[in-house]
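The values are calculated or read from the model by the stated rules, or taken from the named source; none is laboratory data. No experiment lies behind these values; they were computed from the predicted model shown. Every residue, glycine among them, receives a Cβ derived from its backbone with ideal geometry; neighbour counts consider all protein chains shown. When the accessible area is computed, the model is the full protein with side chains, heavy atoms only, and any ligands, DNA or RNA have been set aside. Shrake-Rupley method; radii C 1.70, N 1.55, O 1.52, S 1.80 Å.
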Amino acid sequence: MAEKKEHKLLKWSFPEYQKYERRRGWYFWAILISLGIIIYSLLTQNWLFALIIIMFGIIIVINHHNEAEEIKFEINHDGIKLDNRLYKYDEIGRFWIIYQPPEVKNLYFDMKSPLRPQLSIPLGKENPIEVKSFLRQYLVEDLEEEQEPFSDVLGRLFKL
């Protein structure tokens with residue numbers, strides 16, 4: 001007997017953010033570059049930019065000392081659920097998967113509302129073909145997307 005459609009779902013969890021292994025050299029260069037940017041900002045009287053750089057540094061230090069929380073993710077027949085927030089399929093414009101192991105294994109959702117950010121979900125050990133096949137029942141897959149967003153590339157490259 002076939003499994004009932006309303007009971008089928010995919011779920012997994014992933015860390016809230018990627019925690020990178022950073023060596024002393026990384027911190028040396030990060031502090032040196034940050035100080036240079038802050039000094040330049042102060043000399044050009046760009047107080048807001050100096051404040052943003054300082055806040056960014058504080059966030060990096062805090063994240064370094066804290067453990068990332070586990071986020072629960074679920075794909076079901078109503079939509080996608082990120083922790084306790086359900087995004088119905090009619091709120092999502094499209095999805096795509098960038099699968100280039102071992103570095104990149106992500107599922108992306110582009111929201112219809114311009115006020116909602118693009119969602120990036122790490123696939124972890126999930127089978128991308130199974131995820132793709134389930135989502136195709138409800139959403140359009142963007143086959144044109146072949147690279148991860150530039151912000152994700154920069155974040156991984158600079159270990160942010």
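Could you list, in sequence order, all residues of segment 42-91 that are on the phi > 0 side of the Ramachandran plot and open to solvent by less than 80 Å² (accessible area, probe 1.4 Å)? Those that are on the phi > 0 side of the Ramachandran plot and open to solvent by less than 80 Å² (accessible area, probe 1.4 Å): 79, 83. Within segment 136-147, the set of residues being touching a helix residue (DSSP H, G or I) at 6+ places or on another chain (Cβ under 9 Å) and either modelled with pLDDT under 85 or under 9 Å from residue 95 (Cα atoms) (or both) comprises 139, 141, 147.
Of everything in segment 103-122, what is hydroxyl-bearing (Ser, Thr, Tyr) and over 15 Å from residue 153 (Cβ atoms)? Give them in sequence order. Passing the criteria: only 113. Of the candidates 126, 144, the single residue that is in a loop (DSSP other than H, G, I, E, B) and touching a Phe, Trp or Tyr at 6+ places or on another chain (Cβ under 6 Å) is 126. Out of segment 20-41, which residues are open to solvent by 80 Å² or more (accessible area, probe 1.4 Å) and either part of a helix (DSSP H, G or I) or touching a helix residue (DSSP H, G or I) at 6+ places or on another chain (Cβ under 9 Å) (or both)? The answer is 24, 28, 29, 31, 32, 33, 35, 39, 40. Scan segment 92-123 for residues that are charged (D, E, K, R) and within 18 Å of residue 71 (Cβ to Cβ) and the total you get is 2. Of all the residues that make up segment 97-123, how many are open to solvent by less than 50 Å² (accessible area, probe 1.4 Å), in a strand (DSSP E or B) and touching a Lys or Arg at 6+ places or on another chain (Cβ under 9 Å)? Number satisfying all stated conditions: 8.
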